[in-house]
Every structure is written in C-alpha cells, then in structure tokens.
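Notes to accompany the following structure.
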There are 2 protein chains.
Amino acid sequence: MGRRARAAAYRLAQLSTAQKDAILRSMAAAVRTAAPVILEANALDLTDGTGKGLSAAMLDRLRLDPTRIEAIAAGIGQVATLPDPVGQVMDAWERPNGIRIEQVRVPIGTIAIIYESRPNVTADAAVLCFKTGNATILRGGSEAIHSNRAIAAALQTGGAAAGLPDHAIQLIPTTDRESVAILAGMDRWLDLIIPRGGKGLIETVVSLARMPVIKHYDGICHLYLDAAADPAMAIALAVNSKTHKPGVCNALETLLVHRQAAPTILPPLAAALRDKGVELRGCAQTRTMLADIVPATEDDWSTEYLDLILSIKIVDGIDDAIAHINRYGSHHTDSIVTADVAAAERFLREVDSACVFHNVSTRFADGGEFGFGAEIGISTDKLHARGPMGLRELTSYQYRVRGNGQIR
Amino acid sequence: MGRRARAAAYRLAQLSTAQKDAILRSMAAAVRTAAPVILEANALDLTDGTGKGLSAAMLDRLRLDPTRIEAIAAGIGQVATLPDPVGQVMDAWERPNGIRIEQVRVPIGTIAIIYESRPNVTADAAVLCFKTGNATILRGGSEAIHSNRAIAAALQTGGAAAGLPDHAIQLIPTTDRESVAILAGMDRWLDLIIPRGGKGLIETVVSLARMPVIKHYDGICHLYLDAAADPAMAIALAVNSKTHKPGVCNALETLLVHRQAAPTILPPLAAALRDKGVELRGCAQTRTMLADIVPATEDDWSTEYLDLILSIKIVDGIDDAIAHINRYGSHHTDSIVTADVAAAERFLREVDSACVFHNVSTRFADGGEFGFGAEIGISTDKLHARGPMGLRELTSYQYRVRGNGQIR
C-alpha cells in the first residue's frame, strides 16, 4: 500500500486544480448516490456497537443519517471551491550571480490518517489531502469499519470516474492494532502521519513513528480576566468560551481572575455559569468569594474536562497569569479580557500558545473561524503546523532554481 | 536540563533583536579571548584521538587552529548582522466579525542538537538557535568533548556578560550513548531534535525520538543532460558538480545522459572528469561509448560516494530521467541541463526533490548560496523545513488575534 501510495502521489502532484476540483465534485455526487449503501453499512456498525455495549455518546458519534451524509457530500463540494495552495510561489528572489530562486508550494506526498470512531473523518481527511495533491492511507477505528469501507468506496468510485489516480485514497481493510505499528515504521513510503483521536492513540503513534507526526493533543484553554476587564465583556466571553460547545478542544477549562477584578466580576459570572449548568471548582481565594464551590485540586489545573466544569483561580496579576498558563496549559488557545492594551500586548507576546487572543472567545480557535475554509485539525505541535491547520498546512515546498550555466 | 532549557526559552523569546545581537558580539569576543584555552582543550582531544587510532580525516575534522577559531568567532559576529525573523508578521487579515488575525514568527522553544566530531558545530548550532530565540541542549561526540566544553564555556561566559539568560545554552558534559536516548524521550521539555552527523546517528535518533526531528540524510544528487543540452555547459556543470567539493551532500553522484546527447557529450566529458581524477562507473550503454569504464551495479544508483566517483546512465528521455531520480535519488538536489524550456519546466515540476535546478551546478544547494546568510543544515525532510535551512526555519509561529468581545 505504501509503494502504491507513493506512485499515486507522483501522479496527484501533476493534476491541475481544475482536474482536482472536477474529481472532488464527482466524489461528492458518488457519496450522495451511495447514501443507501453507506446507511446500510452504518447500520451494521451500530448493531455491532450496541452489542459491544458502546456508550450512547459513542453510538452518536458513529451514527450516520441522511442529513449527516448530505453534510459529508456538501463538505466535499465545498473543498472543490477552495483555492489550491499547490503551485503557489511563496517567495522568489535573484542572487548576484544571476540564479533565480523560487520557493514553490508542493504536496507533502503521502499521508496516513489514523482515526477513531467518527466515519465522516474518512471523507473529510481524504478529501483535504487529495485537494492538496497528497495520497492517503486511511486507518479508521474498528467500530466504524463498515461505514468507512462504504464511504471510501464511494470516494474511489466517484473519483475514478473523473480521473482520480489509482491508489490515491486507500483504506486499510482491517482494524487490528498491528496495522498502526506497521504504518508507523513505513518511513520510506509515508511522509507524515496524522493521528486523529484520543490521547492514547496519539501517544501510541508518537512512540512508534519514524516519520513526522502532527499531533492534536488536548486543549487546556484559559481565559484571563485582567484588572481592567470590562465586566460585561468578561462574563460574555467566559460563558461563551465555556458553554458554547464544552466537548471540544477550544472550550475554556480554567478561568484566571485578577485579584482586583474578582470581587466585582466573580459573583455575577458564577451565577451566569451556574445558570448554564456549569460546575465550578475554585482555588482557596475563589472559595472565599463564592459559596458552595468545589475546591480545585492541583490536578484540576491540568485537566481538560471537555464538560460543563470550570476551574477558577485568582491571580495576583498578569505575570502570575502568564506563568500559570505556560506551566499548566496545553499551549493551544488562551485569551485575555482587558481594556489595557499594554497588558494585552504582553499577554499575546509572552503566552506560549498556538492561539493567543485579546477580547475574543476561545471558541474562535478554529480553521473555519480563521477563514481557512476547511480544517484538518488544530495542531499542538510547533513544527510545520501550529494551531488551526487548513489546506496550506498540508503542503510542503521545493526550491526551483533557474540559471544559465552557473558553477561554483 | 530540560526544565532549565524551557525556563530559559521563555526569557529568550522576550529578548529584543538588539539585545540578542549584543550578546552574540560578546560571545564572539569571548571565543577570541578563550582561543588559548580552546586550543589546549583541543590538543587533549587530538592526543586522545591519535591514541584511539582515529583516521587522518577524522583528526582533521577534530583539529582547531587559530585560523579555525577566528572563523568560529567571525561566524558568530556575522550571525549578529543577520535579520532576526522573530516577530515578523507572516500574514495578517481581518474576519467579517471584526477579529483581526496575525500570524507571527516566534521561536520554536527548546532544541537539542546531537552531533559528531566537528567542534565548531558547538558554536554554529548554538548561535543560530540563540539568534532565533531558542534554548539549546548540545550533545557532541566523545572525540571532541574537551574542545566542546571549552567552546561552550566561552559562549556562556561571553553571553552572560551581555545578558544571556542562564541555561540558554547547555552542553551535556558526558558523551555516553544513554544521553541520546534520554534526550529523545524528553518530549515535554524539547520541541525539536536536530541530529547532525552520519546516517547511523540519524537512524538512532529517528527511532527513539518522541518529538519532531529534522533530518539531514544523504544527498544522491543527479545531473540530467537533456537532448537539448549545450555541450560546453553540460561539461562545465558536470565537472563542477562532481569535483568542486566531492565530500559534501550537494555533490553530484549520478549523471544521466539523454541517448541523443550521449555520443557528442560523453567522450569529452569523460576526458574532463578523468583529468580531475574521477572514477567513472557506467551502465551497459555508457560502456559501449567509453572505453575502460567500470560497470555500474544496481547498488551504484543509490550510493552516495562522497568521493571522486561518478555513476553514469544513458536514458531514453526526460520521463526515464525523472523516474530514475524519483526512484533512486535521495530527494535532495537534482539539476537538468537543457536549452529546451518546456523540458526544464517539466523537470522542475516533476522531480520530487528539495532543490530542483535548471542549468545550475548542484553545488548551489546551500544556505549561503541561497543568500540565507547562515545555514543550520540541508533538510531532507518535507515537513517544516525542506532543503537549505536558515534562521527562518528555526522559528515557529503563533496566531495573535485581537477583537472587542466577539463570541460564537
């Protein structure tokens, strides 16, 4: 499969944007046509999952219905409308000896995506990699194997009808654990592995992989309410960051409040959060201001709840806030609320996170909200891609140099 | 050491360019002042090396003299004059909801450099990482341990006098193999490992590392003489690419010649190469045109000689040449000689290498020749940095987003 992916990658790299977009539209049509087949396959997965005693949340992640299939197809069609980064000249200059150097975006080559239960990842990931001229090897979770096979078959059939090279999108038909180890050792054939799933999966891939891995670890996101925070804005941003979608990586997990702002802001903020069903866990100082609050333990500061729980700490000032975030955070997304521009600029400069925000909800750390049009994930790495990853982050570059006989 | 490097990295990230450049100048002065101490330490390494029976080439790599120490100091001073990529705004845009997004270059953070015999790497690597605001942990080879300690001490002393944060540059005082394994597992404290040395070292690091590794594997570079190659230019580029400095990664290893160009070009080219002492190894067709030539075996096509040896293959055309390069090459640097612009453009587009050249010697694949001012190496990876790596490639980025209370 690796050898075939490499061969396909060379053919993919030569497709024009128009050719790729036509193939994408054909894939979208094929997914729509195959909807009954995909739903049938999904029913098998749901039956198996129920038999295995999967939780309701797991079963919901696994479940497809006509609306979700239409969303997959529409998503593919939307990727066809996005600008193609491949071929873009990133930089160009001439040297005194007359050689002209161009740095040009090219596909990465071959990418393995290892993911867990959501079958829509089969289409989302394959399609973004394809748009950027990369060949993919997909390895989905065992719970979704029938759905994944049906979706991959639709992409392959629809793609082939419009000129998709053979083996450009391959799905590993089995879901044994060994396949992850085999992929991780294929550095000759795979340029990149992207694990999409829980920490356990990422850890396994990281410890085995010989090639680059782009990791999407957790988001322990902070909102820091500075002394000069506007109370209404502080409450709105805290409530939105925490409760808009608590189960995602850009949701707020820890609130830091300046000592001077706490007496004014904390009581109404706590009331607003409790209205939304949020459990509050506070440091000793927080508990002197708010009644009936669970004590936060040391572990709380480094916990990604992904739930309606919020830890609250009162800090002495911005130094304290920055130090706390850099120590306990996951370097994902952290936001300051303040009317003090100097404090905001310090926060943006000194917090070591992929996304640093001033007076903005943490929920904006998102490829769609950034205007990327599509997102393959939010990288917690610092190399190659950091933060929301769009199409551009699925490309590499090469230097094309033109001369007229220059020697050294 | 990892924890200290991380703490130092946060302080380094806040230094201004002027502060960093003053520290660099102070380091350069300290290296000059410490020259006698460094030479004494180097004498110990040379005595040990002679005792261990190191080859003359190895001893030469190890040897420092006043000229080489001055070159190290001058190199540090030169890095102080280079533009600082940290803080550069790579991209900036506003979203319809009014949030303003900036993508800003920031240091990577903490970098381990694992290298072999050349003691000058201690200074070169540490200084480039420092200029870009990164903390380094250096782990040199056992042969150069005394020299490395003396150079690191000079950098630390000179740096400290001008405000270098503590632990910004740390040298592992021992050289046991275990230290490589320990570094490779420190993904909490190290953002990147750069192994500089032979294939064995890189392989070890790749198989152990949990964090990103930027690899500098071999350069099996090709020159393809097309049907429309100018004979004089073809000969000049082949001789320069092969003989200008045969022991480096951008030296030519395999020459591909179009069947139609071979009868005209090969005989005078072979004579010119033999004049320079190059041993030629040819495919069957080559041997029908050139007398007394060693047959090339299958292994020759994937061998990096790093020596005055050249393998030659006659190909049927550009398809054949591109397929050969993508199959046997190391995706480092490959060049076409032709007056046919369409053929050249196809070669540049279809050869999957970091550097693809038209009518230029392969020897130009070099950070200095590209105008980067300094080079940490030539990456054979496709992620983050590909090809010659300058200061820019030692940075990451973060998204700084400013709003006025936006929520989702």
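The values are calculated or read from the model by the stated rules, or taken from the named source; none is laboratory data. From a predicted model like this one, the values you see are computed outputs, not experimental measurements. With ideal geometry, Cβ positions are generated from the backbone for all residues, glycine too; neighbour counts draw on all protein chains shown.
For the range A:281-321, the set of residues classified as among the acidic types (Asp, Glu) and either outside the structural domain of A:Ala228 (by TED's automatic domain parsing) or surrounded by 15 or more Cβ atoms within 10 Å (Cβ to Cβ) (or both) consists of A:Asp300, A:Glu304, A:Asp320, listed by residue number. Can B:Glu375 be described as crowded, with 18+ Cβ neighbours inside 10 Å, not polar (S, T, N, Q) and not assigned by TED's automatic domain parsing to the domain that holds B:Asp226? Answer is yes for this residue. When the range B:214-255 is limited to residues that are in contact with an Asp or Glu (Cβ under 8 Å, 6 or more places away or on another chain) and among the aliphatic types (A, V, I, L, M), the one that is farthest from B:Ala344 (Cα to Cα) turns out to be B:Ile214. Of all residues in the range A:110-162, those that are in contact (Cβ under 8 Å) with a residue 60 or more places away in the chain, closer than 17 Å to A:Arg11 by Cα and among the hydrophobic types (A, V, I, L, M, F, W, C) total 9.
So if I check each of A:Gly133, A:Gly163, which one is farther than 28 Å from A:Thr67 by Cβ, modelled with pLDDT of 95 or more and surrounded by fewer than 24 Cβ atoms within 10 Å (Cβ to Cβ)?
Working: A:Gly133 fails: surrounded by fewer than 24 Cβ atoms within 10 Å (Cβ to Cβ).
After applying the criteria, what remains is A:Gly163.
Quick grid of which residues meet (1) acidic (Asp, Glu); (2) over 24 Å from the mean Cα position of the chain (by Cα); (3) surrounded by fewer than 19 Cβ atoms within 10 Å (Cβ to Cβ); (4) within 10 Å of chain A (Cβ to nearest Cβ):
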residue: B:Val89; (1), (2), (3), (4): no, yes, yes, no
residue: B:Trp93; (1), (2), (3), (4): no, yes, yes, yes
residue: B:Gly98; (1), (2), (3), (4): no, yes, yes, yes
residue: B:Val106; (1), (2), (3), (4): no, no, no, yes
residue: B:Val121; (1), (2), (3), (4): no, no, no, no
residue: B:Asp124; (1), (2), (3), (4): yes, no, no, no
residue: B:Val127; (1), (2), (3), (4): no, no, no, no
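If only residues of the range A:191-210 that are surrounded by fewer than 18 Cβ atoms within 10 Å (Cβ to Cβ) and of a type in the set (A, V, I, L, M) are counted, the one that is nearest to the other protein chains (Cβ to nearest Cβ) is A:Leu208. Within the range B:231-268, being more than 17 Å from B:Phe364 (Cα to Cα) and either touching a Pro at 6+ places or on another chain (Cβ under 6 Å) or surrounded by fewer than 19 Cβ atoms within 10 Å (Cβ to Cβ) (or both) holds for B:Pro231, B:Ala232, B:Arg259, B:Gln260, B:Pro263, B:Thr264, B:Ile265, B:Pro267, B:Pro268. Residues that are charged (D, E, K, R) and over 26 Å from the mean Cα position of the chain (by Cα) were ranked within the range B:24-80; the one that is surrounded by the fewest Cβ atoms within 10 Å (Cβ to Cβ) is B:Lys52.
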